[in-house]
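All remarks here apply to the structure that follows.
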Amino acid sequence: MSYQLTIEPLGQTIDIEPGQTVLDACLRSGIWLPHACGHGLCGTCKVHVQEGEVDHGAASSFALMDFERDEGHCLACCAMPEADLMIEADIDEEPDAQYLPLEDYVGEVVALRDLTPTIKGVWLRTDRPVRFQAGQYANLAVPGVEGRRAFSLANAPGDNVVELHVRKVEGGAATGYIHEHLREGECLPLSAPFGRFYVRKSAQVPMIFLAGGSGLSSPKSMIAELLAEGCRQPITLVHGARHAGELYCSDWFQELAVRHPNFRYVPALSEAHDGEGRCETGFVHEVLARLYAGQDGRADFRGHKAYLCGPPPMIEACIATLMQGRLFERDIHVEKFLTAAQAQEGRRSPLFKAI
């Protein structure tokens, strides 16, 4: 027997099974709720129960305090129904969001390639095409690892094979398995799509993509789709690495730049050496500031949309540079690449206004 779950302010009612979380039921019906850690630790998915009762599950007493429970709040990622429910959630309707339902797939590993000494490319042929919006990610089940791990989808939507870029994390069980033990022919379960990182195409303004390390995966998907669709807006990609050996997909992006005059590819090396003169020198935010500097030496990013994907230190430095150049939160879209431990924090940039 299933229960009925009504989500306000949408006014939409869906089925929810006993033992199924509110968040899972919503995502599988194509209804996006704000969330981050998925384990009841960060409080991002907090909603108000207007009617009905829930089992709070494993919600942390810090993320959901006793007085909040008494007031009818719950964490959607942990809360399970004990009756029909009506919840109120903080949902913003966005014209470019596709609201695709979360689905489960099985992917067969058809190719593995070392993209850099620390980043491995993984290609999975799934049992049916994966529906997602360029920039979103999948949760992958790895043998012997509790829970699933998030990896951005690097291929453009519509491709028959899913492409992942996996950076090896020191001490990471999932990335360690993928780098050291995963073999072609192996099958891995995955769920998709997740995330709210996607191109705001309706804005029709020049775009800046800033990526660090394996954070290139989402921009690769987004840029490939934009150019395939015939986008004419200027597109700039700055991809940061320490040295040339850590850059990857360079030839592919350079070929795109030759075929599409509106696309500019800028590799940036923070530890450049002799013989690497075709690359800009410096961190991503430093190169960004130079690329957009005016005659007075100051960068001006007004009239752009910026999409940032990479490790937290790079993200914070780039946000600061963009804001100094008069681009602010509504035009800056972020996907931080976090380890499983970091993801549990579920924090926004301190440079953005508090939730």
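The values are calculated or read from the model by the stated rules, or taken from the named source; none is laboratory data. In this text, all values refer to a predicted model and were calculated from it rather than measured experimentally. Using ideal geometry, Cβ is built from the backbone for each residue, glycine included, and neighbour counts are taken over all protein chains shown. Accessible surface is based on the protein model in full, side chains and every heavy atom, while ligands, DNA and RNA are left aside. Shrake-Rupley method; radii C 1.70, N 1.55, O 1.52, S 1.80 Å.
Screening residue 214 with (1) of a type in the set (Ser, Thr, Tyr); (2) open to solvent by 10 Å² or more (accessible area, probe 1.4 Å); (3) in contact (Cβ under 8 Å) with a residue 60 or more places away in the chain; (4) closer than 29 Å to residue 37 by Cβ gives one miss only, at (2).
Can you pull out the residues in segment 186-219 that are closer than 25 Å to residue 320 by Cβ and in a helix (DSSP H, G or I)? Outline the logic, then answer.
Step one: list which residues in segment 186-219 are closer than 25 Å to residue 320 by Cβ, which gives 195-200, 203, 205-219.
Once the filter is applied, which keeps residues that are closer than 25 Å to residue 320 by Cβ and in a helix (DSSP H, G or I), segment 186-219 yields 203, 213, 214, 215, 216, 217, 218, 219.
Return yes or no: is residue 288 over 18 Å from residue 307 (Cα atoms) and in contact (Cβ under 8 Å) with a residue 12 or more places away in the chain? So residue 288 fails the test. Each residue in segment 194-211 was checked for being open to solvent by 10 Å² or more (accessible area, probe 1.4 Å) and closer than 20 Å to residue 167 by Cα, and 2 pass. Taking helices (runs of 4 or more DSSP H) as the structural unit, those lying wholly within segment 246-355 and holding at least 1 residues that are modelled with pLDDT under 90 and open to solvent by 20 Å² or more (accessible area, probe 1.4 Å) correspond to 340-343.
Restricting to segment 217-244, count the residues that are open to solvent by 40 Å² or more (accessible area, probe 1.4 Å) and either among the β-branched types (Val, Ile, Thr) or in contact (Cβ under 8 Å) with a residue 12 or more places away in the chain (or both).
Summing the residues that are open to solvent by 40 Å² or more (accessible area, probe 1.4 Å) and either among the β-branched types (Val, Ile, Thr) or in contact (Cβ under 8 Å) with a residue 12 or more places away in the chain (or both) in segment 217-244 gives 7.
Within segment 144-167, restricting attention to residues that are touching a strand residue (DSSP E or B) at 6+ places or on another chain (Cβ under 8 Å) and over 15 Å from residue 215 (Cβ atoms), which residue is modelled with the lowest pLDDT? Of everything passing the filter in segment 144-167, 160 is modelled with the lowest pLDDT. So for segment 174-191 (the condition being surrounded by fewer than 23 Cβ atoms within 10 Å (Cβ to Cβ), touching a strand residue (DSSP E or B) at 6+ places or on another chain (Cβ under 8 Å) and closer than 24 Å to residue 319 by Cβ), does at least one residue qualify? No. Does residue 17 satisfy the condition of being more than 19 Å from residue 150 (Cα to Cα) and at pLDDT 95 or above? Yes.
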